[in-house]
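Beneath this line is the structure, given in structure tokens, with notes to follow.
The values are calculated or read from the model by the stated rules, or taken from the named source; none is laboratory data. As the structure is a computational prediction, the values presented were derived from the model and not from experiment. Heads up, the Cβs are rebuilt from the backbone with ideal geometry, glycines too, and the neighbour counts pull from every protein chain shown. We work out accessible area using only protein heavy atoms, side chains counted, and drop any ligands, DNA or RNA first. Shrake-Rupley method; radii C 1.70, N 1.55, O 1.52, S 1.80 Å.
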Amino acid sequence: MTTVHYWARRRDPVTELRVGPILTYCPNCHFIPHSPHLYRGSRYGDVGGFSCQQCGGRVSVRDQDCRPPIQYSFMPDGPSGGSDGPSETIVYETLYRIRWTDFERVEAWTGRTILGKTGSGTFEFEPVVELLASHVRRQGLEVREAPIGLGIITWIPEPFRQWLDLLHSCAALER
């Protein structure tokens, strides 16, 4: 299950991915295998790491101690390896379009409340995707593939690929 946390701050309400699939992205060669990493927060900012299947280097993954964004740092492999390789920061809330304003649009389209307007809370994401999919079906909309908002990204894991396509399809009605 994918979990989203929200905090209804007065001036700047936020949503954050707490549990869910993130990319196994290499900032050195930009390789993204179609097997995501399950993000479950971090321990003192350390999310984990992996070896790139394409260039063989080591990639460390960090966050801001269970807060966005996620930073991928490449460390060259071998005796000359160091920590001065390329890095890339990805804000998954923006890439996956799970921001407060996105959920407010879904609330307006479906007439259902997702976010608490005061305080904070956590909710499971998949039922929200199904709520939007039901709305799209009831409206008789054709599901259209959404463009990915970050040029280096070539693939988005489920359930976010479906979510992006559904948002894109509903937004087409507003134009």
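Quick one: putting +1 on the C-beta of Lys and Arg, -1 on the C-beta of Asp and Glu, what dipole do you get for the chain around its Cα centre, in Debye to the nearest 20?
So the dipole magnitude of the chain works out to roughly 460 debye.
Where in the chain lies the longest segment free of GluC sites (Glu not before Pro) that are both loop residues by DSSP (not H, G, I, E, B) and have at most 16 other Cβ atoms within 10 Å? Provide the component values of the computation, followed by the final result.
Values: sites that count: GLU142, GLU145.
So the longest stretch without any such site is 1-141.
What relative contact order, as a whole-number percentage, does the chain give when Cα pairs under 8 Å and 6 or more residues apart are counted?
Taking the mean separation of contacting Cα pairs over the length of the chain, I get 22 percent.
I need the P(r) histogram for the chain: all alpha carbon pairs, bin width 10 Å from 0 out to the longest distance, whole percents.
Pair shares across the bins are 9, 35, 32, 17, 6, 1.
Just to verify a number: what accessible area does TRP100 come out at with the full protein assembly present, 1.4 Å probe, Å² rounded to tens?
Counting only protein heavy atoms, the figure is 20 Å².
In whole percent, what relative contact order does the range 11-87 give with Cα contacts below 8 Å and a gap of six or more residues?
25 percent
Starting from the 7 Å offset along Cα-to-Cβ, what nm value, one decimal, do you get for the label separation of ASP65 and ARG40?
Between ASP65 and ARG40, the simple spin-label model gives 2.1 nm.
With every protein chain left in place, what is the accessible area of SER35 in Å² (1.4 Å probe, nearest 10)?
60 Å²
Can you list, by residue number, the Cys in the chain that have no neighbouring cysteine C-beta under 4.7 Å?
CYS66, CYS170
Suppose we keep just the alpha-carbon trace of the range 1-73; what are its Rg and Dmax in angstrom?
Using the Cα atoms of the range 1-73, the pair Rg, Dmax is 13.7, 46 Å.
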